[in-house]
Amino acid sequence: MTCFALKIVTPDGLQYDAPAQELIVRTVSGDLGILAGHIDCIAPLGMGRATVVTEDGSRKYAACIGGMVSVLGGAVTLVPTTFEWAESIDAARAERSLERAQAVLSSKDATSAELRLAEARLHRALVRRSVAAGK
C-alpha cells in the first residue's frame, strides 16, 4: 500500500514522524480516514481513538483528544491537545479519573460549570480506558 508523510506533534513534543499507510482519527463530526492521495483538508479533532497503520502494516493505537488534523500536499499533520499511545496509558489512573467524574456528576451540589468539566473528564477517561483495553 502507498504511504504518506505523517507527523504527530503535541504540546509535549513530537510523537511520530514517519511514513504511514493510513490514519484514522475522530473529528468533531465523526471519524476521518486518511490514505495516500487524500484531498487537502483541515478538521478539528474530537475525543477518540487514533489508529496509525505504519509503513510495515502494523497498527498503533492512541487516545487522541482535541486539536486538529491537516492534509496538505499529501503530507498529514496531526496536532492533538492530548495524545497517548495505548501502551503508555495508565489504566488505573484513567479508572480513578472516571470514578471522580462520576462522583461529581451524581452530586446534587455541583454547579453547572463543575458538571460540564466532569462530563468532559468522564468522556476523556472513557476514551483512555477503551484505548488502553484495546477496544
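Of note:
- Accessible surface of residue 32 - all protein chains present, 1.4 Å probe, nearest 10 Å²: 40 Å²
- Computed over protein heavy atoms with a 1.4 Å probe, the accessible surface of the chain works out to 56 Å² per residue.
- With θ taken as phi - 60° and the Karplus curve 6.51 cos²θ - 1.76 cosθ + 1.60 applied, the whole-hertz 3J(HN,Hα) list for the range 20-28 is 9, 8, 7, 9, 10, 9, 8, 9, 5 Hz, x standing for glycine and proline.
- When both bridge partners sit in the chain, DSSP labels roughly 95% of those beta bridges antiparallel.
- 3J(HN,Hα) from dihedral phi, the range 108-121, Karplus parametrisation 6.51/-1.76/1.60, rounded to Hz, x for glycine, proline: 7, 9, 6, 6, 5, 5, 5, 5, 4, 5, 5, 5, 5, 5
- Counting heavy atoms of the protein chains alone, residue 8 has an accessible area of about 0 Å² for a 1.4 Å probe.
- Derived scalar couplings between HN and Hα for the range 3-19 equal 9, 9, 6, 10, 10, 10, 10, 10, x, 8, x, 6, 9, 7, 8, 6, x Hz in order, rounded to whole Hz, by the Karplus curve 6.51 cos²θ - 1.76 cosθ + 1.60 (θ = phi - 60°), x for Gly and Pro.
- Formal net charge of residues neighbouring residue 96 (Cβ-Cβ distance under 14 Å; K, R +1; D, E -1): +3
- Under the criterion of Cα pairs below 8 Å and six or more residues apart, the relative contact order for the chain equals 21 percent.
- Sulfur and carbon atoms: percent of accessible area, the chain [1.4 Å]: 52 percent
The values are calculated or read from the model by the stated rules, or taken from the named source; none is laboratory data. None of the values given here were measured: they were computed from a predicted structure. Positions of Cβ are backbone-derived with ideal geometry, glycine not excepted, and every protein chain shown enters the neighbour counts. SASA here: full protein model, heavy atoms, side chains in, ligands and nucleic acids out. Shrake-Rupley method; radii C 1.70, N 1.55, O 1.52, S 1.80 Å.
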